[in-house]
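Asker: Below is the structure I would like to discuss, written out as structure tokens.
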Amino acid sequence: MPEYDYDLIVIGGGAGGFVASKLARGLGKKVAMIEKKKLGGECTLSGCIPSKAFIKASNVAYLTKNLKKYGLDSKTRIDINTDNVMNHVRSIVQKVYDSHQPDAFRKLGIDVLFGEPRFIDNHFIEVAGKKYSSRAFVISTGSSAFIPPIEGINTIPYMTNETFFDIDKLPPSMIVLGGGPVGIELAAALNRLGVKVWVIEMSDFILPREDKETVNILSEKLKEDGLNLLTKTKALRMGMSSGQIAVTVEDEYKQKREISADSILVAVGRRANVDGLNLEKAGVKYTTKGIDTNRKLQTAAPNIYACGDVTGPYQFSHMAEHQARIAAQNAVLPVKRKIDYRHVAWCIFTEPELAHAGLTEEEARELHGDKIRVYRYGFKNIDRAKTDVSETGMSKFILDPQGDLIGVHILGSHAGDIIHEAQLAKALGIHFHKLDSVIHIYPTFSDIIKQPAKLYHIERLQNNHFLRLLRVIFGRKKE
């Protein structure tokens, strides 16, 4: 058996790369991690961390401007100055990045190499002019913003999430191209910070992968807050006009008009980071959507695995971490595990938040028709929502014909945290009605799960044949 420099080389120092390298090292393997820029990846540097810090600042601004909703008032007019908000966001990024320094990995026995990696074959790779060999590889190079081929787009100073957080001050107005998670989160936050925002989305709805009923409620709330949502609208061309960015759009009726703003953010999707890796020489197959893998996260080259955005199908940091565990284990251990996407979950961090686990109602009906059961409960019925003046939203639970949870959607305050109770039940096969028997602290937002579980529990009791017979028997005796 040939000798190699490493048991595993992980390509990419982001969320997936961190987990893969640490897990393999924990299993006693000799590991190296290669990163061509800075450790932390897109999530730390230009995604999850800066966007959530930015969203938090926007929500604080909103609360400050709406003191009267909470029985408060100010003797003087409150003017929100956002000049330092981007510096604040960058300071949070730095704080998180400081915990991802190369020395922290080197202390664990993981070699950290910097440079642009290029495969020589499926066992050898070149980095910064040096060659390294490894028994196995995990590719976790992430993704970058996709730039659509729109006429004139290269003539304007557009931003993506990778450059947005580098600006010093917020512009007076902005066009956001794309109504997906990145576009909607930043658009909603910008709007709350006083920026006039237009969102241009080609689909019938914003957030097209989400449950339509909850998206409709969220859309109306965003519009009430002043966000301009243009769905069924296509950007035809772009250019500069009187110092502003002008975008010609066409709606569903083929009517054209021009929208002008001081800036534009392009957020129409992601592309896998595969350029320059020389994947062909390693025998790894890929398309424009990313690296092809099987359910073991194994590529066409048997000793090379991939995880995270570079392979998909779900481009979230927590999914990259989940995939990385499986990819790394499969790369260094003889027993191979398979990935299971039935219990994928995520959250859109607008205000209110929109959390998603499993199938939408539309997807569930395609599979099971009218045999599914759907239970809804409004935040307006939750006492804690009333105390917090956060009554917008609802929870929605979708059960298959056997009564198992197959979809959970929560739109409301803290939805991303609340959904985990239902996600746990769904992933572990705990029947939904059993959540009613668990003691929940009052008053908390957890009622948004407990109460619909109670509704289902009562319905089960009412439909129980034995209990129905007892009611008939004792009903007759009473007569």
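The values are calculated or read from the model by the stated rules, or taken from the named source; none is laboratory data. Keep in mind the model is a prediction, meaning the values are calculated, not measured. Cβ atoms come from the backbone with ideal geometry, glycine included; neighbour counts cover every protein chain shown. The protein model used for the area step is the full one, side chains on, heavy atoms only, and it has no ligands, DNA or RNA in it. Shrake-Rupley method; radii C 1.70, N 1.55, O 1.52, S 1.80 Å.
Asker: Could you tell me which residue out of C43, H343, T82 lies farthest along the dipole of the chain toward its positive end? Charges go on the beta carbon: Lys and Arg +1, Asp and Glu -1, centred on the Cα centre.
Answerer: H343
Asker: Further, regarding this structure: Leaving out ligands and nucleic acids, and using a 1.4 Å probe, what accessible area per residue does segment 272-337 come to in Å²?
Answerer: Roughly 46 Å² per residue, with all protein chains present.
Asker: Helix-only mean residue ellipticity at 222 nm, the chain, DSSP H runs n ≥ 4 weighted -39,500 (n - 2.57), per residue, nearest 500. What is it?
Answerer: Computed ellipticity for the chain at 222 nm equals -10000 deg cm²/dmol.
Asker: Using the Cα gyration tensor of segment 417-458, with a ≥ b ≥ c the square roots of its eigenvalues, what is the shape: rounded (a/c below 1.5), prolate (a/b larger than b/c) or oblate (neither)?
Answerer: It comes out oblate by the Cα gyration axes.
Asker: Pull out a ≥ b ≥ c, the square roots of the eigenvalues of the alpha-carbon gyration tensor of segment 331-468, then state rounded if a/c is under 1.5, prolate if not and a/b is larger than b/c, and oblate in the remaining case.
Answerer: The shape class here is oblate.
Asker: For the chain, with all protein chains present and a 1.4 Å probe, just round the carbon and sulfur fraction of the accessible area to a whole percent.
Answerer: Carbon and sulfur: 51 percent of the exposed surface of the chain.
Asker: Of the options L354, Q462, H431, report the single residue whose Cα projects farthest towards the positive end of the charge dipole of the chain (beta-carbon charges: Lys, Arg +1; Asp, Glu -1).
Answerer: Farthest towards the positive pole: Q462.
Asker: What shape does segment 277-350 take by its C-alpha gyration tensor, where a ≥ b ≥ c are the square roots of the eigenvalues and a/c under 1.5 counts as rounded, a/b above b/c as prolate, and the rest as oblate?
Answerer: oblate
Asker: Taking the mean number of other Cβ atoms within 10 Å as a proxy for protection, how do you rank 31-44, 276-289 from highest to lowest?
Answerer: So the order, starting with the most tightly packed, is 31-44, 276-289.
Asker: Starting at the first residue of segment 5-10, write each ³J(HN,Hα) from the Karplus equation 6.51 cos²θ - 1.76 cosθ + 1.60 with θ = phi - 60°, in whole Hz, x for Gly and Pro.
Answerer: 5, 9, 7, 8, 10, 9
Asker: Return a whole-number percent for the relative contact order of the chain, with Cα pairs under 8 Å and 6 or more residues apart as the contact set.
Answerer: Rounded, it is 14 percent for the chain.
Asker: How big, in percent, is the set of alpha carbon pairs in segment 197-238 lying more than 11 Å apart?
Answerer: Pairs farther apart than 11 Å: 66 percent.
Asker: Next up: If you average 1/r across every pair of different Cα atoms in the chain and take the reciprocal, what Kirkwood value do you get, in Å?
Answerer: 24.9
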